[in-house]
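Visitor: Structure below; questions to follow.
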Amino acid sequence: MRLRIDLAYDGTDFRGWAAQPGLRTVQGELTAALTTVLRVPGDERLAVVCAGRTDAGVHARGQVVHTDLPPGVEPLPAPELDRLARRLNGVLPPDVRVRRAREAAPGFDARFGALWRRYAYRVADATDLLDPLTRRHVLAWPRALDLDAMNAACALLVGQHDFASFCKQREGATTIRTLLDLAWVRDDAGLAVATVRADAFCHSMVRALVGCLLAVGEGRRPVAWVGEVLAATRREGAAAVVHAHGLTLEEVAYPADDDLVARSEQTRAKRG
């Protein structure tokens, strides 16, 4: 049996998603909770796969995870499956919450089956927007931002490009991505909120994009400069990567159940 788990967490006190020896991570906490609740034998291990690995300090409202029950664990009957989210939340620390847990559809893969991921980055760029109650997920910025200029710069980034200028590169990994949407708006509270959606993101990509756009928004760089940074395909000359705490993984989308296998195969071929 494969389980799908929809997850939310405050990333402030985590060293990111991925399990690391001796460090507190979201994957580590969830794996421990699943091992306890499912009564996984000591000689068995759970592999917990997420839709998008978040960096240290990054939050999530819409993370999606799958895990396969190991051979030593019997499939869950419907009544136990219905109670699984509540039981996991009873074991997990309060900065991680399971929003939903259920049997995954045949062919479901949290990582390779995703159509796109949507992130939001929130910025308070005026003193009357500063709120100590939201400081853990909103970046305080000392200068007012011109969202019209920032959106003009966003238009230069949407589409399929080599985003090497905005990625922490890994040997052998591609930096070509398809940016489906990128735009800034003011929310009801007046915060500047960037929404970005793509088929996938490379390491630190969203925070690097936001760093460049903030430089345009405060008037330190012209709109055209963002296009020059993109075309250069190297990190040198780009703006600094902004702090992690303003970033939240909001949503991951998947195709209809009948198309899950085809989507996973397509994504695996593209990544290869």
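The values are calculated or read from the model by the stated rules, or taken from the named source; none is laboratory data. On a predicted model such as this, the values are computed, not experimentally measured, just so you know. Note that we place each Cβ from the backbone using ideal geometry, even for glycine, and neighbour counts take in every protein chain shown.
Residue by residue, here is whether (1) crowded, with 18+ Cβ neighbours inside 10 Å; (2) more than 21 Å from the chain's Cα centre (by Cα) holds:
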| residue | (1), (2) |
| --- | --- |
| V73 | no, yes |
| E80 | no, yes |
| R83 | no, yes |
| R87 | no, yes |
| R100 | no, no |
| A104 | yes, no |
| L115 | no, no |
| V138 | yes, no |
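Visitor: Tell me whether segment 241-256 contains one or more residues that are touching a Cys at 6+ places or on another chain (Cβ under 7 Å) and touching a residue at least 60 places away in the same chain (Cβ under 8 Å). Break it down stepwise before answering.
Guide: Residues of segment 241-256 touching a Cys at 6+ places or on another chain (Cβ under 7 Å): none.
No, segment 241-256 contains no residue that is touching a Cys at 6+ places or on another chain (Cβ under 7 Å) and touching a residue at least 60 places away in the same chain (Cβ under 8 Å).
Visitor: I would also like to ask the following. With the requirement that a residue be crowded, with 19+ Cβ neighbours inside 10 Å and assigned to a loop (DSSP other than H, G, I, E, B), what does segment 242-257 give you?
Guide: We begin by selecting, within segment 242-257, every residue crowded, with 19+ Cβ neighbours inside 10 Å; these are 242, 244-249, 252, 254.
Within segment 242-257, V242, Y254 meet the criteria.
Visitor: Here is a further query. Looking at (1) farther than 30 Å from V241 by Cβ; (2) buried (at least 19 other Cβ atoms within 10 Å of the Cβ), can you tell me which one D68 breaks?
Guide: Checking D68 against (1) farther than 30 Å from V241 by Cβ; (2) buried (at least 19 other Cβ atoms within 10 Å of the Cβ), the one that fails is (2).
Visitor: Return the residue satisfying two criteria in turn: it lies in segment 110-137 and is part of a helix (DSSP H, G or I) and either of a type in the set (A, V, I, L, M, F, W, C) or touching a helix residue (DSSP H, G or I) at 6+ places or on another chain (Cβ under 6 Å) (or both), and of such residues it is nearest to T248 (Cα to Cα). It would help to see each step written out before you state the result.
Guide: Here is the first cut: in segment 110-137, the residues part of a helix (DSSP H, G or I) are 127-129, 132-134.
This time we only want the ones that are either of a type in the set (A, V, I, L, M, F, W, C) or touching a helix residue (DSSP H, G or I) at 6+ places or on another chain (Cβ under 6 Å) (or both), so: 129, 133.
Numbers: L129: 19, L133: 16 Å.
Here the answer is L133.
Visitor: Output the residues belonging to segment 202-249 that are more than 29 Å from R15 (Cα to Cα) and basic (K, R).
Guide: If the condition is that a residue be more than 29 Å from R15 (Cα to Cα) and basic (K, R), then R220, R221 are the ones that fit.
Visitor: Select from segment 41-90 the residues that are part of a strand (DSSP E or B) and within 20 Å of D10 (Cβ to Cβ) and list them in ascending order.
Guide: The initial filter retains those residues of segment 41-90 that are part of a strand (DSSP E or B), namely 48-50, 59-68.
The answer is V48, C50, H59, A60, R61, G62, Q63, V64, V65.
Visitor: Within the set of pairs 6 or more residues apart or between chains, which connect a residue that is farther than 19 Å from R136 by Cα inside segment 106-123 to a residue that is surrounded by fewer than 17 Cβ atoms within 10 Å (Cβ to Cβ) and of a type in the set (G, A, S) with Cβ atoms less than 6 Å apart?
Guide: These pairs meet every condition: L115/A253; W116/A253.
Visitor: Kindly establish whether A244 is modelled with pLDDT of 95 or more and touching a strand residue (DSSP E or B) at 6+ places or on another chain (Cβ under 7 Å). Please lay out each step first, then the result.
Guide: Values: modelled with pLDDT of 95 or more: yes; touching a strand residue (DSSP E or B) at 6+ places or on another chain (Cβ under 7 Å): no.
Against the criterion (modelled with pLDDT of 95 or more and touching a strand residue (DSSP E or B) at 6+ places or on another chain (Cβ under 7 Å)), A244 does not qualify.
Visitor: List the helices (runs of 4 or more DSSP H) that sit entirely inside segment 138-241 and contain at least 3 residues that are in the same structural domain as A120 (by TED's automatic domain parsing), within 26 Å of A253 (Cβ to Cβ) and in contact with a Gly (Cβ under 9 Å, 6 or more places away or on another chain). Break it down stepwise before answering.
Guide: Working: elements: 147-154, 205-217, 223-232.
Result: 147-154.
Visitor: Let me ask something else about it. Hey, among the residues in segment 147-163 that are farther than 15 Å from D181 by Cα and surrounded by fewer than 18 Cβ atoms within 10 Å (Cβ to Cβ), which one's nearest to the chain's Cα centre (by Cα)?
Guide: Just the residues of segment 147-163 that are farther than 15 Å from D181 by Cα, to begin with: 147-149, 162.
Of the ones still in play, those that are also surrounded by fewer than 18 Cβ atoms within 10 Å (Cβ to Cβ) are 148, 162.
Details: D148: 26, D162: 20 Å.
Filtering segment 147-163 for residues that are farther than 15 Å from D181 by Cα and surrounded by fewer than 18 Cβ atoms within 10 Å (Cβ to Cβ), the one nearest to the chain's Cα centre (by Cα) comes out as D162.
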